[in-house]
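Student: Starting off with a structure, shown below.
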Amino acid sequence: MLNKIISLFLALATMFFIVHAGLKLNQKDCPALVLGFILISAYCIGQLLEKIGLPGIVGYILTGLFMGPYFLKFYTSSAINELSFINNLALAFIGFCAGGELRLSNIRRILKPIIYYISGITLVVFTGVTLLVFSISSLIPFLRGLSPGVKLAVSAIFGVIAVARSPSSAIAIISETKAKGPYTDLVLSVSVAMDVIIIMLFAVIISVCQIFIQTKGGMDFSFIAVLILEIAIAFLLGYLLGKFIVFLIEKAKVEFAVVIIAMGFFVIEFSHFLGEYLHKVHNIGFEIEPLLICMAAGFTVQNFSDYGKKFLMRMDRISLPIYIAFFAMTGAAMNINILRTGWLFGLIIVAARLILINIGSYFSGKISKTPTKIYKNAWLGFITQAGVSLGLLTEVVRRFPDIGPSIQTILIAAIIMNQIIGPIAFKYGLKKVDETNV
Amino acid sequence: MKLLLSVVAILVIALIGSRLTYLNRRLPLGFKNILFTGAEYIFIGVVLGRMGLNLIDTRSLNNLEPFLIFGLCWIGFLFGLQFEFRQLKNLPRFYFSISAIQAFITFLIVSLAVYLSFRALFSLPKNTLLIMAITLGSAASCTAQSALAIVSNNYQFANRKLLALLRYISSVDGIFALGFFTIAIWIMPGVNNTDFSLARSLRWFILSISLGILSALILIILSKTKFSQQEFLVFLIGTVLFCGGLASKANSSPLVIGFICGTITANFCRHRLRALATIIHSEKSIYIILLIIIGASWSFKLDYILLITGIYFLLRTIGKVIGTFTATRIFRTEFYTPPALGLGLLSEGGLSIAIIINFKLLYPPISDYLVTIIILSMFVNELISPKFILSQLKGSKKKIKR
């Protein structure tokens, strides 16, 4: 452990010398330096935290946060923005991994519990958080003085965001602990499926809320058809991409890492291009979620080819640096000013969400007759929150420019807390059900 | 439409690429060599880049800069890892001297002639012309090993010692190329400094060396305890990125600093062989991506360039021949060395491409010509070098493959 501390010290001292010592060096942000520094320091801090039983990814997130613009100032927000491209590639990689981890045979075996957990947690968390926010709405400054209808609509937005979770955090913890077993399968399957369901649920809720908040027009549910089409196309593209990856590995003998990087790049560019093109040329708000495409591609390689095991093995070989970079950058992108402003209401929502997830998963487990050991600990795996929730919040701000930023402040504060608590809880849950293999 | 075309292009290229893999056995050696070096990926880059479908546009290329720095440092690091002094001592010392002399003479001839012709063609500041010429000279002085590998895979040789000498030269002369390239940056560290200042250059030199040593130190300390292969990958990627980033911050070369870091690691890290295995495993992928990027960022203008490339190609060939001839006459070997042995050292992939990418990274406004010269010359050299190697290794017989 001493070696890690010395390495960390060396990296920190070098960065201090380069950034703060006033040398007349290249003044331009250097994302490669930031990334290298983040990898070394986050790894060391992650290892130190693992020594005391905490998950490495909490260390990665905290490193990103504390080395960044709000504390030690070793890099600026713009350097992190410049690295967003790599962050997207990492997200595509995580999507491939998450899809690849889902085996049809396992899903079939636990299909009933999956359905119960999804419905149970969604119902309890959504209803619970909505009612909570509605009941304390007079205490929330930007909701004071609004009509009950608007208050309820805003509360529903809080409710729907609270349902979202993070497959990327789940997959990182599974990879770190080398976990295997029914509990792991259940948490991962529910997290991935929720990623699809939350997008649809969010679209429905936000459109209903729009009527109450902006009081214009009637209900138009044609978007649901568009949404279903978006998801269907994402799955279809993912399937084709998965087949193409198999072809490239098998027939063209192209290097694996090149295939994955190229495909990740292609998916991200394709999704953005298509979204922009349809919006500009045909004024259609049609966006295909790149993460879904990657998940479907990974799922295809795993379940519809002979390369599933090999695919996962190769992905696993290169996964650690990608997870470290991804979560450290997530930490680096956290806005502490927002946390300062919205921490109190954020904390209330986090606490309520924890209780509601516990209740929802307990009853879902009982009804679906999941083994006691699993259903008593299942809730611990459903706390993580990250990327999708932040993406949905951006959409809230876009649709409701007046109150959207205030909603965003509180919920980002809550998400930041969940990002730290979630992995700790999931690792604890995995240990309790004895599915870790480290 | 642009996207659709790109998709079609990628599919077609992948299909053609896979077909070529199958047809590989029937292709002439020169074409085999081109495929072996992955030079076709430059064309994939061209198709996807600003001269083609612009799918990898300027914004994407800017975003890829960290990867470029990483890739260059990775190649330098790999090169440095192969310089373990204990191993080098076991080889005959005059081999090293022969490599040094042939690299130096090639460098001298190419740099001098390029400087003079550039001075006649372009109205650029003296120092700018000088660093352009030195960079081309350094790229010319190194030799790729691919053609020798292709030839020895397909032929049996009577004179095995001569082949060993060629292999040794091609594996070692890169160190001199990196040394020459360091001189180019030493003259002008940073694109904004057009005037030479000894104090600034010395400070830059000491800082650059220190950064390479420091990065290696971090890797050595990290790898002192027990670790998994995944963790080792984090150490390597982290160190290489950190090292490359520090180089970039100090207006230095990721390639050269990576080389320093690699050499220190090779001689002081007990896991050097594991590092070498890991780095070599990913080398091809990284090199391919670098080739795609250089293809995508390539801006080709048809003016003097074909003439300059022709001159460069000719000078490099002359340099290699004179350099090797002089070296083998000063340090006589116990076996016969043909007078035009330098023709066996024409292959020019790998390091010269890395040098030119590094130049582009450091001095973007003046790099387009140099990139074009190296890319075109590389294609010609890879195509002809197997034939020239065979012409020097007389008495070789084709291997019969089942």
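The values are calculated or read from the model by the stated rules, or taken from the named source; none is laboratory data. What you are looking at is a predicted structure, and each value in this text was computed from that prediction instead of being measured. Backbone-built Cβ (ideal geometry, glycine too); neighbour counts: all protein chains shown.
Student: Where in region B:44-98 are there helices (runs of 4 or more DSSP H), lying wholly inside it, with at least 3 residues that are buried (at least 23 other Cβ atoms within 10 Å of the Cβ) and touching a Gly at 6+ places or on another chain (Cβ under 6 Å)? Spell out how you get there, then give the answer.
Tutor: On the way: elements: B:58-63, B:65-81, B:85-89.
By residue number, B:65-81.
Student: Could you please tell me which pairs satisfy a Cβ distance under 6 Å, a separation of 6+ or placement on different chains, a first residue in region B:231-249 that is touching a residue at least 24 places away in the same chain (Cβ under 8 Å) and within 7 Å of another protein chain (Cβ to nearest Cβ), and a second residue that is crowded, with 24+ Cβ neighbours inside 10 Å and not in a helix (DSSP H, G or I)?
Tutor: Sorted first by the residue in region B:231-249, then by its partner, the pairs are B:Gly245/A:Cys30; B:Ser248/A:Cys30.
Student: Filter region A:382-402 for residues that are over 16 Å from the mean Cα position of the chain (by Cα) and crowded, with 19+ Cβ neighbours inside 10 Å; which is nearest to A:Ala332 (Cα to Cα)?
Tutor: In this case the residue turns out to be A:Val396.
Student: Oh, and also: What is the number of the single condition among (1) among the aromatic types (Phe, Trp, Tyr); (2) surrounded by 20 or more Cβ atoms within 10 Å (Cβ to Cβ); (3) under 29 Å from B:Leu273 (Cβ atoms) that B:Trp204 does not meet?
Tutor: (3)
Student: Output the helices (runs of 4 or more DSSP H) that fall wholly within region A:88-163 and possess 1 or more residues being within 23 Å of the chain's Cα centre (by Cα), under 27 Å from A:Arg399 (Cα atoms) and not aliphatic (A, V, I, L, M), or say none.
Tutor: Output list reads A:111-135, A:148-163.
Student: Quick check on region B:158-181. Is at least one of its residues part of a helix (DSSP H, G or I), within 14 Å of another protein chain (Cβ to nearest Cβ) and either charged (D, E, K, R) or in contact with a strand residue (DSSP E or B) (Cβ under 8 Å, 6 or more places away or on another chain) (or both)?
Tutor: Checked against the condition, which is being part of a helix (DSSP H, G or I), within 14 Å of another protein chain (Cβ to nearest Cβ) and either charged (D, E, K, R) or in contact with a strand residue (DSSP E or B) (Cβ under 8 Å, 6 or more places away or on another chain) (or both), region B:158-181 yields no hits at all.
Student: While we're looking at this one, here's another question. Could you identify the single residue in A:Ala32, A:Ala21 that is without any contact (Cβ under 8 Å) to a residue 12 or more places away in the chain and surrounded by 19 or more Cβ atoms within 10 Å (Cβ to Cβ)?
Tutor: A:Ala32
Student: Among the residues of region B:251-270, write down those that are within 21 Å of A:Ser41 (Cα to Cα) and within 13 Å of another protein chain (Cβ to nearest Cβ).
Tutor: Residues satisfying the conditions are B:Pro254, B:Ile257, B:Gly258, B:Cys261, B:Cys269.
Student: Checking B:Phe300 against (1) of a type outside the set (D, E, K, R); (2) assigned to a helix (DSSP H, G or I); (3) more than 14 Å from chain A (Cβ to nearest Cβ), which test does it fail?
Tutor: Evaluating B:Phe300 over (1) of a type outside the set (D, E, K, R); (2) assigned to a helix (DSSP H, G or I); (3) more than 14 Å from chain A (Cβ to nearest Cβ) leaves (2) as the failure.
Student: Anything in region B:205-222 that is within 10 Å of chain A (Cβ to nearest Cβ) and out of contact with any Cys (no Cβ under 6 Å at 6 or more places or on another chain)? List them, or say none.
Tutor: Result: B:Leu207, B:Ser210, B:Leu211, B:Leu214, B:Leu217, B:Ile218, B:Leu219, B:Ile221, B:Leu222.
Student: Then there's this: If you check A:Ile38 against the conditions, is it within 14 Å of another protein chain (Cβ to nearest Cβ) and among the aliphatic types (A, V, I, L, M)? Let's see the steps before the verdict.
Tutor: Numbers: within 14 Å of another protein chain (Cβ to nearest Cβ): yes; among the aliphatic types (A, V, I, L, M): yes.
Answer is yes for this residue.
Student: Output the residues belonging to region A:421-438 that are surrounded by fewer than 19 Cβ atoms within 10 Å (Cβ to Cβ) and assigned to a helix (DSSP H, G or I).
Tutor: Answer for region A:421-438, where residues must be surrounded by fewer than 19 Cβ atoms within 10 Å (Cβ to Cβ) and assigned to a helix (DSSP H, G or I): A:Ile421, A:Tyr428, A:Lys431, A:Lys432.
Student: A:Ser207: in a helix (DSSP H, G or I) and surrounded by fewer than 19 Cβ atoms within 10 Å (Cβ to Cβ), yes or no?
Tutor: So A:Ser207 fits the description; yes.
Student: Just to be sure, is A:Ser138 within 15 Å of A:Cys97 (Cα to Cα) and either hydroxyl-bearing (Ser, Thr, Tyr) or outside the structural domain of A:Ile355 (by TED's automatic domain parsing) (or both)? Break it down into steps so the answer makes sense when it comes.
Tutor: Numbers: within 15 Å of A:Cys97 (Cα to Cα): no; either hydroxyl-bearing (Ser, Thr, Tyr) or outside the structural domain of A:Ile355 (by TED's automatic domain parsing) (or both): yes.
Criteria not met by A:Ser138.
Student: Taking A:Ile355 and the conditions (1) closer than 14 Å to A:Ile121 by Cβ; (2) in contact with a helix residue (DSSP H, G or I) (Cβ under 7 Å, 6 or more places away or on another chain), which numbered condition does it fall short on, given that it satisfies the others?
Tutor: (2)
Student: From the list B:Ile280, B:Ile308, which one is within 14 Å of chain A (Cβ to nearest Cβ), β-branched (Val, Ile, Thr) and surrounded by fewer than 24 Cβ atoms within 10 Å (Cβ to Cβ)? First the steps, then the outcome.
Tutor: On the way: B:Ile308 fails: within 14 Å of chain A (Cβ to nearest Cβ).
Within the list B:Ile280, B:Ile308, the selection yields B:Ile280.
Student: Next question, about the same structure. Between a residue in region B:328-339 that is over 14 Å from B:Leu163 (Cβ atoms) and any residue that is surrounded by 14 or more Cβ atoms within 10 Å (Cβ to Cβ), which pairs come within a Cβ distance under 7 Å, given they are 6 or more apart or on different chains?
Tutor: B:Thr328/B:Ile98; B:Thr328/B:Thr337; B:Thr328/B:Leu341; B:Ile330/B:Ile101; B:Phe331/B:Phe94; B:Phe331/B:Ile98; B:Pro339/B:Phe325
Student: With the checklist (1) in contact with a Leu (Cβ under 9 Å, 6 or more places away or on another chain); (2) over 22 Å from A:Thr330 (Cβ atoms) in hand, flag the one item A:Pro148 doesn't pass.
Tutor: For A:Pro148, the exception is condition (1).
Student: Right, something else. Please give the number of the condition A:Ile288 fails out of (1) of a type in the set (Val, Ile, Thr); (2) surrounded by 18 or more Cβ atoms within 10 Å (Cβ to Cβ); (3) assigned to a helix (DSSP H, G or I).
Tutor: (3)
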